[in-house]
Each structure stands twice: as structure tokens, then as C-alpha cells.
Amino acid sequence: MRAMKVTENIWWVGAIDWNLRDFHGFETPQGSTYNCYLVMGETGVALIDTTKAPFVPELLSRIESVVPLEKITHIVVNHVEPDHNGGLPEVMAAMPQARVVASPAGVKGVADYHNGLVVEPVKADDVIDLGGRTLRFLPMSMVHWPDSMFTYCPEERVLMPNDAFGQHVSSNARFASDFGLDEAMRELGIYYANILLPLGTAVGKAIDKVLETGWEIDVVAPSHGLIWRGEEFGRVVEAYQRWGAGEKRDKAVVVYSTMWGSTAALATRIADAMAAEGIEVSVYDLAVSPVAHITYELLEAKALVLGSPTLHHGMLYRVAGYLQYLAGLKPTGRIAGVFSSYGWSKGAEKQMTARLEEIGFEMPIESYTVKFRPEDEDFAEVTEWAGKLAEAVKAL
């Protein structure tokens, strides 16, 4: 297995998970990577982060392409979640001479997860000297777990922030510029929307803490996906600050599920009507669309427009499932509109409205419901309804 140079004295030695298609319940059609880094000093070598247990052989093989395992003097655990820490016991067994460190919360997390496994704590003012290269640490609670920590090598100007600034991408490209910067930024947004959205305040404080350190940063090497270099990081920080501040634009995401096409027909008319009022619109059928991508579209949108036919006096299960998914992400500061179709009884519109309000969406207008197939009169009515919702988007 081939390692890759990040800077003169730092190597990428991680693993590529080409086949990952689900992470924390959202779709990852491009797989992911579990990035680990070797920091090479004159008297010591540090391994930054480990990997999922099944990928330990790949990790060790890449390390050995750079340096013998017995030369590793330190292992840094930036985060105890299993995709980073699951293989830690096997890695420690392969290099028993290495000193293993984590944040104080990480020490407890490692012990809890691995039946009492003992590692040492490091704090913000601690420094590990590798001989010509040093490591500094910045605990980052709730970015995105209590134990999360950033590691920085000042001599190489490299920040290794674990899950922060990451994306789920499997590729032989290690750098965002080689992968395609615009696509890398899109993947950054998908990751943020589906993992970090409810932690926006903590993420914003984390960025401030990094900037307040005065650290000179040329490279940001996260634990998933692609590595950012030079001015790319400024673009990443700007995006994180914008998302963390909850900045939105005049955009609506129309999301629906349908049985016999009536709800789908309404969705199309609603999208056309809102677009005619100057609103940017995206439309998704939950039966065929990845929820992770829908949620990414919602990241900078002011409105969610949700539709379902009535089945058994309630909404379809796909719509209910997506609302449950959104509830955990706490998408505040948005409005919602509800539309529905029904046959012999209503009910979906009431369930959707109640759940959206419970999650925290404001409902500026009443729901719109049509019986059986929508006719010309219904399309005229729903067009007027969508126009009112468009005005509410502009007013937000």
C-alpha cells in the first residue's frame, strides 16, 4: 500500500473505504477515507489518528512503506468514534513502544470503548517534541464529540483537525485541488449539513479558537476525504462561518413522496410557481433521492415545502422518516409549507404540520390539500398558494 507526502515531513498513511454507502444513517455514494498522518521528526515519529478496525492492515502497510513500525514513538487519538478509534488496540499492539495520547475526555472515551484501555491525556498547553518537529493540541469539545481534538505541527504549518473540514469521498486524489475544488466544496457542504448542522455554534467557536491561536496554516488535513492547501482553506473557513451563522438565501426545497402521481403533480406546479416569483427551487422525490443531498440543499434554503398523500390517515413512511432524520439535525430559522393529496380521508397534512412545528419550522400559511387527481382549478389554487409561500420566503 502506497503512502503519499503531504508536506516534506508529513505523510498520509490512511485507508480508502471505496464501498461505504451509509454513515450515521445518511448515504455516502462516494465512499470515504480514514485519513491518518505520520509526522516525521529527527528523534520521533507520531501517528495522528487511527482507523476503523477492518482497515488496520491497510494502515500498517502504508506506514511500513515510509518507516518501520518500531520507529513510531507516539500515537495521537484526536477522536474516539469507531471510524477513527475502532482499530486502536490492534495499532497499539503493532507498535507497543509508542506513547498514546488523547484529550482528557478522549482518555475516558478510549477506556469506555475498549474495556479499560489506558492512554495518556494531553492539554492545550502541552507540546510533544519529535526532534525538529513538534505537536501542539487544541481540545475541541462537540466538534463533533466531547473528546474531539485538533493537532497542529507548526514547523510544517499543518493542522490535523479530525472530523472538522472533512468530507466523505473515496479517491486516489489526496488533495482537493486534484479532485476538483468545486466538487470538494460540495462534499464539504454535504458533510456539514448531515453531521455538523446541529453543532453550528460549537463549530463557529472552534474556528474562532483556531484563528485566535495565531497559528500559521498552509495545509488542513482532516480525517475524512480531501486535504485543503493554501487559499483553499480560506474558502472552507468562509463556508463554515456562513453555515454556522445560519445565513440563507431566497431558496425553497420541495420534497415529497407520492403514490399515484397526484402529489408529484402538485410538487411540480409549486416549484414552477415559486420560481416564477424569483425563488431558487430544488425538487426531490424521497423515493429516489438521497436524503443527505436533500439536506445539503436545505443548508442555505429558507424554506422546506413538504408533500405527501394520505395513507392510513397519515403521511407516507418516507416523509415521516425524513422528518425524523431532520429532527436530529435541528434546522432552525426556516419556514415550511405543507401540501397533500387524499382519496377517501385526509390526515397527512395534519401530521406533517405538527411534526414540522415540533422540529422548529415556522408555518406562515395553511396547508394545501386536493382530493384525488388535481384538475385545472386545483392547479390554479396551488399556484396561488405557492405564490404566498414565495412572498413569505422573501420576507424571512
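Table for the structure above
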quantity: Residues of the range 313-331 classified as under 20 Å from Glu247 (Cα atoms) and either over 17 Å from the mean Cα position of the chain (by Cα) or free of Cβ contacts under 8 Å to residues at least 60 places away in the same chain (or both), total; calculated: 2
quantity: Residue in the range 333-347 that is closer than 27 Å to Thr201 by Cβ and either touching a Ser or Thr at 6+ places or on another chain (Cβ under 6 Å) or among the acidic types (Asp, Glu) (or both) present; calculated: no
quantity: Counted residues, the range 227-261 - those being small (Gly, Ala, Ser), at pLDDT 95 or above and not in a loop (DSSP other than H, G, I, E, B); calculated: 2
quantity: Subset of the range 36-61 [of a type outside the set (S, T, N, Q), assigned to a loop (DSSP other than H, G, I, E, B) and surrounded by 24 or more Cβ atoms within 10 Å (Cβ to Cβ)]; calculated: Cys36, Asp49
quantity: Filter result for Thr33 (modelled with pLDDT of 95 or more, outside any loop (DSSP other than H, G, I, E, B) and hydroxyl-bearing (Ser, Thr, Tyr)); calculated: yes
quantity: Any chance Thr73 is surrounded by fewer than 20 Cβ atoms within 10 Å (Cβ to Cβ) and either farther than 15 Å from Gly225 by Cβ or touching a residue at least 60 places away in the same chain (Cβ under 8 Å) (or both); calculated: yes
quantity: Matching option when the condition is touching a residue at least 12 places away in the same chain (Cβ under 8 Å) and surrounded by 22 or more Cβ atoms within 10 Å (Cβ to Cβ), among His84, His114, His144; calculated: His84
quantity: Hits in the range 121-141 (condition: more than 15 Å from Val210 (Cβ to Cβ), surrounded by 13 or more Cβ atoms within 10 Å (Cβ to Cβ) and under 29 Å from the mean Cα position of the chain (by Cα)); calculated: Pro121, Val122, Leu135
quantity: Neighbours by Cβ (under 9 Å, 6+ apart or cross-chain): first from the range 16-30, in the same structural domain as Asn172 (by TED's automatic domain parsing) and under 13 Å from Ser171 (Cα atoms); second aromatic (Phe, Trp, Tyr) and in a strand (DSSP E or B); calculated: Ile16/Tyr34; Asp17/Tyr34
quantity: Qualifying residue in the range 284-303 (condition: in a strand (DSSP E or B) and aromatic (Phe, Trp, Tyr)); calculated: yes
quantity: Subset of the range 353-396 (residues that are outside any helix (DSSP H, G or I), among the small types (Gly, Ala, Ser) and surrounded by 15 or more Cβ atoms within 10 Å (Cβ to Cβ)); calculated: Ser367
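The values are calculated or read from the model by the stated rules, or taken from the named source; none is laboratory data. Keep in mind that what you see is a predicted model, and the values were worked out from it rather than measured. Reconstructed Cβ throughout: ideal geometry from the backbone, glycine too, with neighbour counts over all protein chains shown.
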